[in-house]
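**Student:** Sharing a structure below in structure tokens format, with a few things to ask.
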Amino acid sequence: MKPMTRSSKEPLMSVAHTVVTLLAAAMAGYSGTVVLTRADWIVKALTDYGVPRTWWNLLGAAKIAGAVGLLAGLFLPYVGLAAGIGLVLYFTGAAVTVARAHWYSHIPFPLVYAAPVVAALALA
């Protein structure tokens, strides 16, 4: 087996970036859809965290827009970068909101959604 050179690593990184980006987009899209469809468990959580009901549509739409932006970023890198940064900020804000509501055991949930976005940005 010959050692990997820089040129032979590039396709592997491209595949990894694509797979991680698709995962991140799927997770963000799912998260946004759950908010927009008002799943019972998310309604309870948002209410418990004190998130105003008037924000819910915007929050769900922001996550879906971020997911679409990540997918577009596979072809337009700057769009993906902007979407990724937006989603990382969104999920960081979500973790802060959960902490401010004193639901410390729920802080990992938004971070789980942020993790593949951070990984996609790192692999880009």
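**Student:** So if each residue of separation counts as 0.36 nm, and I subtract the Cα-Cα distance between residue 61 and residue 123, what length gain in nm does that give?
**Tutor:** 19.8 nm
**Student:** Could you tell me which label, among (i) 2.11; (ii) 1.20; (iii) 1.24, carries the value of Cα Rg over 2.2 N^0.38 Å calculated for this structure?
**Tutor:** Identified label for the calculated read-out: (ii).
**Student:** Identify, among 54, 30, 78, the residue whose Cα sits farthest towards the positive end of the charge dipole of the chain, taking +1 on the Cβ of Lys and Arg and -1 on the Cβ of Asp and Glu, with the dipole about the Cα centre.
**Tutor:** 78
**Student:** What are the ³J(HN,Hα) couplings of region 18-23, residue after residue, when phi is run through the Karplus curve with 6.51, -1.76, 1.60 and θ = phi - 60°? Round to Hz, x for glycine and proline.
**Tutor:** 5, 5, 5, 5, 4, 5
**Student:** What FRET efficiency comes out for the pair residue 49/residue 85, r = Cβ-Cβ distance, R0 = 25 Å, nearest 0.05?
**Tutor:** Step by step, r from the Cβ atoms, then E = 0.60.
A short reminder: the numbers here are calculations on the coordinates, not readings from a lab. Quick caveat, the model's predicted, so the values are computed rather than measured. Because the Cβ atoms are built from the backbone with ideal geometry, glycine has one as well, and the counts that use them run over all protein chains shown.
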